[in-house]
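Let me begin by presenting the structure, written as C-alpha cells, before commenting on it.
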Amino acid sequence: MKILFLGTGAADFPEDPQGVVGFRRTASALINDDLLIDPGPWVLDAIKEFNVDISKIKYIINTHNHSDHFCESTLSYLCTQGAEFIKTEDEGTISFGEYEIEILKGNHTISVSHFIIKNNGSCLFYGLDGAWLQYKEIESIWKNKPDLGVFDATLGFISQDYRLFEHNNLNMVIEMKKSIGKDIKKYVISHMAYTLHTDHSTLSKEMEKHDIITAYDGMIIEF
C-alpha cells in the first residue's frame with residue numbers, strides 16, 4: 001500500500017498562505033493513487049502541486065464534515081472526473097474495489113470516522129481528527145496489527161486547552177504509542193495546526209526521539 005499526504009495541516013490555515021513559513025494544506029491523503037481520504041478545500045491545489053493523475057482517483061471517503069475535511073466543490077469536481085463518493089458515517093465494514101474498510105468512531109466534537117483500511121495484505125489505521133482513541137479502535141488495532149498508523153497531532157505540546165478533549169497533543173500520541181507498542185508497526189502524525197507547532201524540522205527531530213514520523217505535504221510512504 002502507498003499513502004501520499006496531500007495535506008497535513010489543521011483548520012487554522014491562513015487566508016493567504018503566500019510567504020507563510022511551514023504552511024500545511026488541510027489534512028487529506030491519497031491511497032494507492034485511487035482512494036482519496038477527505039475531499040477538503042486544498043485537495044485540488046495539492047493534486048496540481050504533486051502531479052497526481054486525477055483520472056486514477058476512483059473512490060472518495062470522508063472522516064467528517066468539518067470544512068477543513070470536506071468541501072462540496074472539491075467533491076463535485078472529483079466526481080465529474082470519475083470518482084465515486086462512498087459514505088462512511090456508520091460503524092461497520094464495507095468493501096469496494098480491492099479495499100476492505102472498517103469504520104470506527106473517534107473522539108471529536110462531532111461524529112468522526114476513523115478507518116482500518118486493508119488492501120492486498122497491507123493494513124492502515126487512519127485516525128484524524130480526534131483525541132484519545134476509543135476502546136473499539138484499540139480492539140481493532142490489536143486484531144489487525146496495522147503496518148502504519150496515522151494519528152492526529154493538532155495541538156503541539158499544549159497541555160492546558162479545551163481542544164484536548166477533541167484533538168491530541170504530542171504527549172498524548174507519545175503515550176498511546178507506548179501503550180499500543182508494536183501492534184502498529186510504524187507511527188505517523190498529521191493534522192498539525194501551524195499556529196500551535198514549531199517548524200517542521202524541529203518537530204520532526206523531536207518526534208524522531210520517539211520513533212514517530214512527522215508527515216509533511218507531499219510525503220509518500222509505502223508499506
- Scan (1) surrounded by fewer than 19 Cβ atoms within 10 Å (Cβ to Cβ); (2) of a type outside the set (D, E, K, R); (3) more than 23 Å from residue 223 (Cβ to Cβ) for the single condition residue 94 breaks and write down its number. (3)
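Here is a yes/no grid of residues against (1) under 15 Å from residue 1 (Cβ atoms); (2) among the hydroxyl-bearing types (Ser, Thr, Tyr); (3) surrounded by 12 or more Cβ atoms within 10 Å (Cβ to Cβ):
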site	(1), (2), (3)
50	no, no, yes
71	no, no, yes
115	yes, no, yes
121	yes, no, no
- Task: Scan the stretch 172-186 and report the pairs whose first residue is more than 13 Å from residue 143 (Cα to Cα) and whose second residue is in a helix (DSSP H, G or I), with Cβ atoms within less than 8 Å and a gap of 6+ or a chain change.
- Result: 172/164
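Go through the stretch 150-197 and give me each residue that's among the β-branched types (Val, Ile, Thr) and farther than 17 Å from residue 7 by Cα. Outline the logic, then answer.
Step one: list which residues in the stretch 150-197 are among the β-branched types (Val, Ile, Thr), which gives 150, 154, 158, 173-174, 180, 184, 188-189, 195.
Within the stretch 150-197, 158, 173, 174, 180, 184 qualify.
Looking only at residues in the stretch 133-145 that are touching a helix residue (DSSP H, G or I) at 6+ places or on another chain (Cβ under 8 Å) and surrounded by 16 or more Cβ atoms within 10 Å (Cβ to Cβ), which one is nearest to residue 108 (Cα to Cα)? Give the derivation first.
The first filter runs over the stretch 133-145 and keeps only residues touching a helix residue (DSSP H, G or I) at 6+ places or on another chain (Cβ under 8 Å), leaving 133, 138, 141-142, 145.
Now narrow it down to the ones that are surrounded by 16 or more Cβ atoms within 10 Å (Cβ to Cβ): 133, 138, 141.
On the way: 133: 10, 138: 16, 141: 19 Å.
The extreme case among them is 133.
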- Only one of (1) surrounded by 19 or more Cβ atoms within 10 Å (Cβ to Cβ); (2) closer than 20 Å to residue 102 by Cα; (3) under 15 Å from the mean Cα position of the chain (by Cα) is not met by residue 186, so which one is it? (1)
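Readers should treat all values here as calculations from the given coordinates under stated rules, not as data from a laboratory. Computed from a prediction, not measured in an experiment: that's the story for all the values here. Using ideal geometry, Cβ is built from the backbone for each residue, glycine included, and neighbour counts are taken over all protein chains shown.
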